[in-house]
1. Once phi is turned into ³J(HN,Hα) by the Karplus curve 6.51 cos²θ - 1.76 cosθ + 1.60 with θ = phi - 60°, what whole-Hz value does each residue of segment 157-173 show in order, with x for glycine and proline?
2. Would you tally the net charge around L38, using a Cβ to Cβ cut-off of less than 15 Å, leaving L38 out, and scoring K and R as +1, D and E as -1?
3. Going by average Cβ neighbours within 10 Å, how do the peptides 81-88, 47-54 rank, with the highest at the top?
4. Filter K50/K146; K79/K327; K36/K205; K287/K329; K240/K297; K122/K329 down to the pairs with a C-alpha to C-alpha distance above 28 Å, please.
5. Using the per-residue mean of other Cβ atoms lying within 10 Å as a proxy for protection, in what order, highest first, do the peptides 314-326, 178-190 fall?
6. When only alpha-carbon atoms count, how far does segment 99-171 stretch along each of its three principal axes, as whole angstroms with the largest first?
7. Treating the Cα atoms of the chain as identical point scatterers in vacuum, please give the log10 of the normalised Debye intensity I(q)/I(0) at q = 0.08, 0.11 Å⁻¹, two decimals.
8. Could you tell me the largest-minus-smallest coordinate of the C-alpha atoms of segment 3-61 on each of the three principal axes, in descending order and whole angstroms?
Amino acid sequence: MQSELKGMNQSETELWAKEMELAPFRGRQIRHWLFKELAGSFDQMTSLSKDVRSLLKDFAAIEHCHIAQTRLSSDGTRKFLFRLEDGVLVESVLIPEKDHFTVCISSQAGCTMGCRFCLTAKQGFTRNLKSSEIVDQVVQVRRFLKETTGRPEDLTNVVFMGMGEPLANFDEVIKAVNNITASDALNFSCRRVTLSTSGIVPEIKRLGEEARVNLAVSLNASDDETRSRLMPVNRKYPLKELLEACRSFPLPNRRMLTFEYILIAGVNDSDQDALRLSRLLAGMRAKINLIPLNPHKGLDMSAPNPEQVIEFQNILIGKHFTAIIRKSKGQDIGAACGQLKGQWLESL
Ligand code: SAH
Ligand code: SF4
């Protein structure tokens, strides 16, 4: 089995180098090539001798995600379809913002959580991604920017909002976060990394203890009955427990929690819902992202009309919340929230 260097932290890489009978500083050099130079092969690591490079080739793997296809939306959003070593397909989305890019990455192939509105849920669950596969999505997308714009540093934000429930793959996700934020690796600011969860309460507590990233919670309903119908996870961890965990989540100065709320016509979009939501979140340092439901084939629900969306927003603003209407980007290429499926080769 070949070692997966992108899944290791600094001391593990140094230890590995030692086991290979290399000096520890070789570990640091390798990390520099992997994460700063974004090298795609050991041959590019020109500060290493030929012998060292051929040793690396024999015992280590360098790439874990292979770009199978990319698609560009009319709004500039680009979807990447990655093929993993075992042929499994996952997606990432590169989203252009005003002065930077955000990458939305996957933590699992498929998802077990079964949310009614989500296309990823429909495809079922294949497997958890390894930390090397999670980190490599960011590396590959940053390399794509390097090659196309010459400005890899414009990729400043990472969101775990692609396929899968990140907290259901806790250990690998945390390892990946560590390399995404480590200064000797990808060096993203913790403030610019956001993990989105459907609400697995014990893991929210653990996340607060083990990482310093932003937390987003997909709330999507203002009462237990509706939420349980939309999101089965609510039967195990109902709103009261979920919001308690959110209230005790450690928030560094000036940071806020994010709550995502998909608006679905006739299901969770009434004025009463907005008022109930404002009561649920009362007193929390939180902002609310309102996402009109993104359509996909076979979905028997729809987004409210735009007037109702604005009405819902205004009620929250009236209660002094920051409530932003998020028009999901990339709808025309199935790259918007809840549209990721990892199998669009059918159209080739
Ligand atoms: N599993 C995690 C992260 C991935 S889903 C989570 O559920 O939070 C990312 C976001 O897409 C979630 O906020 C989810 O509620 C949203 N989403 C899923 N299906 C959607 C759809 N059809 N329209 C709009 N948003 C959707
Ligand atoms: Fe999984 Fe998130 Fe989709 Fe729910 S919304 S099925 S948790 S990916």
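1. Values per residue, Gly and Pro as x: 10, 10, 10, 8, 10, x, 6, x, 9, x, 6, 8, 10, 4, 4, 5, 5 Hz.
2. After counting each charged neighbour, the total is -1.
3. 81-88, 47-54
4. Long pairs (Cα-Cα over 28 Å): K36/K205; K240/K297.
5. By packing density, highest mean first, the sequence is 178-190, 314-326.
6. For segment 99-171, the Cα spread along each principal axis is 40, 25, 17 Å.
7. Taken in order of the listed q values, log10 I(q)/I(0) reads -0.40, -0.73.
8. 22, 22, 18
Every read-out reported here was derived from the displayed coordinates using simple, explicitly stated rules and does not represent laboratory data. Source: prediction; values computed, not measured. When we count neighbours, we look across all protein chains shown, and the Cβ atoms used for this are built from the backbone with ideal geometry, even at glycine.
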